[in-house]
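Asker: This structure is in C-alpha cells; I'll ask about it shortly.
The values are calculated or read from the model by the stated rules, or taken from the named source; none is laboratory data. All values reported here derive from a predicted model rather than from experimental measurement. Virtual Cβ from ideal backbone geometry, glycine too; neighbours counted across all protein chains shown. Remember, those area values only see protein heavy atoms, side chains included, never the ligands or the DNA or RNA. Shrake-Rupley method; radii C 1.70, N 1.55, O 1.52, S 1.80 Å.
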Amino acid sequence: MKVLEITGGQTLSGTIRISGAKNSVVALIPAAILADEDVTICNVPEITDTDALCEALEYLNVSVKRASESLVINASKLQNKEITIHYSQKLRASYYFMGALLGKYKKVTMYFPGGCAIGKRPINLHLKGFESLGATVTSDDNKYTVAADELKGANIYLDIASVGATVNIMLAAVYAKGKTVIENAAKEPEIVNIATFLNNMGAKITGAGTSTITIVGVDKLHGCFHEVIPDRIEAGTYLIAGALVGKYLKIDNIIPEHLESLTSKLEEIGAELEIGADYIIVNKGNHYKATNIKTLVYPGFPTDLQQPFTTLLTQCKGKSKVEETIWENRFMHVPYLEKMGADIEVRDTTAIVLRNTPLVGCRVTATDLRAGAALVVAGLVASGTTIIDNIDHILRGYEQIIEKLTGVGAKITLKEI
Ligand code: EPU
C-alpha cells in the first residue's frame, strides 16, 4: 500500500507554483468533444482525474495527445458509445460527458458518476435542465439515457446554484436551437473559464460569473487554444500550510482575487500576507485567534478549503465554529485530527474546534480528497511522523504534491508499505 510519510515541524520557505484548476480542466476535457477539430488546452495539471477523463476520451475513440502541460484533443472520429460503469464511476466529473454528448449527438448513455463520498450528490438539477431543453431522461437503476430529437433553448431556474448543473446545461445548450437562460447559475471562477473556452470554440455565452447566464445556440463549434486558470483550492491549501509553518512562502501563478474569502480569514486570525498581482507571500503569525467560517457558494468561503482550514483552526486560541452548508458529509477528517490531538465536536453540519492543541503525528487515513489535504497540512505542523494512507484521493487533485512541498523544505515522502 502507498502512504505519505511526513516529518512535521519543518519551516516552509521558497516558491510553490500553482497548477491549472482541477475543477475547470475536468469540464474542459469532456467539453472539447463539442468540436471536430483540434482543441488545445494548456496548463493542464497532471493529476489522476485528468488521466481518467483522457482514458474515457480514448474509449470513445477520441484522439488525445499530451505534451508537457498541454493536451490536444480531436473528436472528429468519436463513437458515441455507452460510457461504461468503469469510466462513469472513476470520478465525479464524468457527468460532463452527459451535457457534451447530449449537446453534440442528442443522445448519451452513462451511469451515475463516482467521486468523493462527501454527500448524496444527486444529479436531479442536471437532468431537470436537460429535460427543459427538450430531452427525455430514462433511468434503470444507476444507468441513465438522455436523448432528444432536437434541443431547444429554454429558461432554466436552478433551485441550488450548482456548479455541475450550470456547466452541464451550458454544454448541452451550446448547440440547442435558440436562447437558453440559466437563472441562479453558479458563479465560480471555473464556470467563467469554461464559458470562455466554449466561446473560444465559437459558442455564444454571456453572463458567466453572474447568476444569469445566457447561451444562444450555434450550428458549429471549431478548434481553439485555451488556458486553464490557476487552481484556487490548491493555492488555498498551500496558503493554509504557509500560515502554519511558512516563512516567506510564495504561492505563485495565482489569481489572488479568487482567494479573497480565504485571505481575509487568514488576516483575521493573524497570518501575515503580502498579496501581489499574481502571487501571495505568507508568513506564519505569532498568535492566532479563533474565528468562525461558513462554507458558501462563490464568492463565499469555499467548501473545498473547509477541511484544511479546520486543521489551521486547531492552532488558533479560543473556540472556532465551522459550518458546512454545501455537503452533508464533509467532516470525515475530524476523527483523524482528533487522533492527532485536536479537540473538536461535530454536531450535524457544524464542527466546533474547542481549543488550540498541539498536533502529534500518527497513522491517519485520507477519506476523501480535501480530507487528505487537511491531513497533509496537519502532518506538516505536527510533531513527529504522520503516515497518511488512502492517498489516491490526494493524487486525484494535487499535482506533484510531494515535489512541491519538498521543494520548499517539507519532509514528505511516498512510501510503499
Ligand atoms: N445538488 C443537488 N442536485 C444537483 C446538483 C447538486 O442537490 O443536481 C446539491 C449538492 O448535493 C450540493 C450542492 O447542490 O449540496 C452543490 O453541489 P454542486 O453541484 O455545486 O457541486 P459539484 O458540481 O458536484 C463541484 C466541485 C466540488 C465542489 C463543489 C462546490 C467538481 C468536479 N467538483 O461539485 O469539488 O465542492 O462544486 O463548490 O467541479 C473537490 O474538488 O474536492 C470537490 C468536491
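Asker: Relative to the longest principal Cα axis of the chain, at what angle does helix 369-381 sit, 0 to 90 degrees, rounded to 10?
Answerer: With rounding to tens, the tilt is 20 degrees.
Asker: Let me ask something else. Nearest 0.05, what FRET efficiency do Arg355 and Leu296 give at R0 = 35 Å with Cβ-Cβ as r? Walk me through the numbers on the way to the answer.
Answerer: Values: r = 26 Å, r/R0 = 0.74.
E between Arg355 and Leu296, to the nearest 0.05, is 0.85.
Asker: When the Kirkwood radius is taken over all Cα pairs of segment 230-285, what Stokes-Einstein diffusion coefficient follows at 25 °C and 0.890 mPa s, in µm²/s?
Answerer: Working: Rh = 10.6 Å.
Rounded to a whole number, D works out at 231 µm²/s.
Asker: Multiply the residue gap between Glu267 and Ile85 by 0.36 nm, knock off their C-alpha separation, and tell me the result in nm, one decimal place.
Answerer: Values: separation 182, 0.36 × 182 = 65.52 nm, distance 4.52 nm.
Contour length minus Cα-Cα distance gives 61.0 nm.
Asker: Now for a separate question. Suppose R0 equals 25 Å; then what is the FRET efficiency for Ser211 and Glu150 from their Cβ-Cβ distance, rounded to the nearest 0.05? Write out the running numbers ahead of the final one.
Answerer: Values: r = 28 Å, r/R0 = 1.11.
Calculated transfer efficiency: 0.35.
Asker: Of Lys128/Lys187; Lys128/Lys321; Lys22/Lys65; Lys22/Lys265, which pairs sit farther than 26 Å apart, going by alpha carbon to alpha carbon? The partial results should precede the final answer.
Answerer: Details: Lys128/Lys187 19 Å; Lys128/Lys321 35 Å; Lys22/Lys65 19 Å; Lys22/Lys265 23 Å.
Result: Lys128/Lys321 exceed 26 Å.
Asker: Multiplying the sequence separation of Glu46 and Lys65 by 0.36 nm and subtracting their Cα-Cα distance, what value in nm do you get? List each step's numbers first, then the result.
Answerer: Numbers: separation 19, 0.36 × 19 = 6.84 nm, distance 1.35 nm.
Extra length available between Glu46 and Lys65 comes to 5.5 nm.
Asker: Checking the a/c ratio against 1.5 first, then a/b against b/c, what shape does the Cα gyration tensor give for segment 69-183? Kindly include the intermediate steps, with their values, before the conclusion.
Answerer: On the way: a/c = 1.37, a/b = 1.11, b/c = 1.24.
Here segment 69-183 falls in the rounded category.
Asker: Which trypsin sites (Lys or Arg not before Pro) in segment 30-77 pass both tests, a DSSP loop state and at most 12 other beta-carbon atoms within 10 Å? Display every interim value, and only then the final one.
Answerer: Numbers: sites: Lys65, Arg66, Lys77; in loops: Lys77.
Answer in residue order: Lys77.
Asker: Would you mind giving the average projected area, over all directions, of the Cα convex hull of segment 163-286 in nm² with one decimal? Walk me through the numbers before you get to the answer.
Answerer: Values: hull surface 33.4 nm².
Convex hull of Cα atoms, orientation-averaged projection: 8.4 nm².
Asker: Let me ask something additional. So how compact is segment 321-373: Cα radius of gyration and Dmax in angstrom?
Answerer: Gyration radius and largest Cα-Cα distance of segment 321-373: 11.1, 30 Å.
Asker: Same structure again: I need two numbers for segment 258-417: Rg to one decimal and Dmax as a whole number, Cα atoms only, in Å.
Answerer: When restricted to the Cα atoms of segment 258-417, Rg and Dmax are 15.1, 43 Å.
Asker: Thr325 versus Lys220, label points 7 Å from Cα toward the beta carbon: distance in nm?
Answerer: Placing both labels 7 Å along Cα→Cβ, they lie 4.7 nm apart.
Asker: In Å, what is the Rg of the alpha-carbon atoms in segment 22-227, and how long is Dmax?
Answerer: My reading of the Cα-based Rg and Dmax gives 15.2, 41 Å.
Asker: Let me ask something else about it. Largest first and in whole Å, what are the equivalent-ellipsoid semi-axes of the chain based on the Cα gyration tensor, each being the root of 5 times an eigenvalue? Walk me through the intermediate numbers first.
Answerer: Details: eigenvalues 284, 90, 81 Å².
Semi-axes from the Cα gyration tensor: 38, 21, 20 Å.
Asker: What's the extension gain from Thr15 to Val346 if we count 0.36 nm per residue and subtract their Cα-Cα distance?
Answerer: Difference between extended and current length: 115.6 nm.
Asker: Cα axis of helix 260-269 to longest principal axis of the chain: angle in degrees, 0 to 90, nearest 10?
Answerer: For helix 260-269, the angle is close to 10 degrees.
Asker: Give me the percent relative contact order of segment 22-227, please, defined on Cα pairs under 8 angstrom at least 6 residues apart. Display every interim value, and only then the final one.
Answerer: Details: 467 pairs, mean separation 41.8, N = 206.
It rounds to 20 percent for segment 22-227.
Asker: Using a 1.4 angstrom probe on heavy atoms only, work out the carbon and sulfur share of the accessible area of segment 22-227 in %. Walk me through the intermediate numbers first.
Answerer: Numbers: 3770 of 7880 Å².
Looking at segment 22-227 in its full context, I get 48 percent from C and S.
Asker: Can you give me the Cα centroid spacing of segment 262-314 and segment 140-182 in angstrom?
Answerer: Here the answer is 35 Å between Cα centres.
Asker: Once you have the Kirkwood Rh of segment 299-348 from its Cα pairs, apply Stokes-Einstein at 37 °C and 0.692 mPa s and quote D in µm²/s. Walk me through the intermediate numbers first.
Answerer: Numbers: Rh = 11.5 Å.
Diffusion coefficient, whole number: 285 µm²/s.
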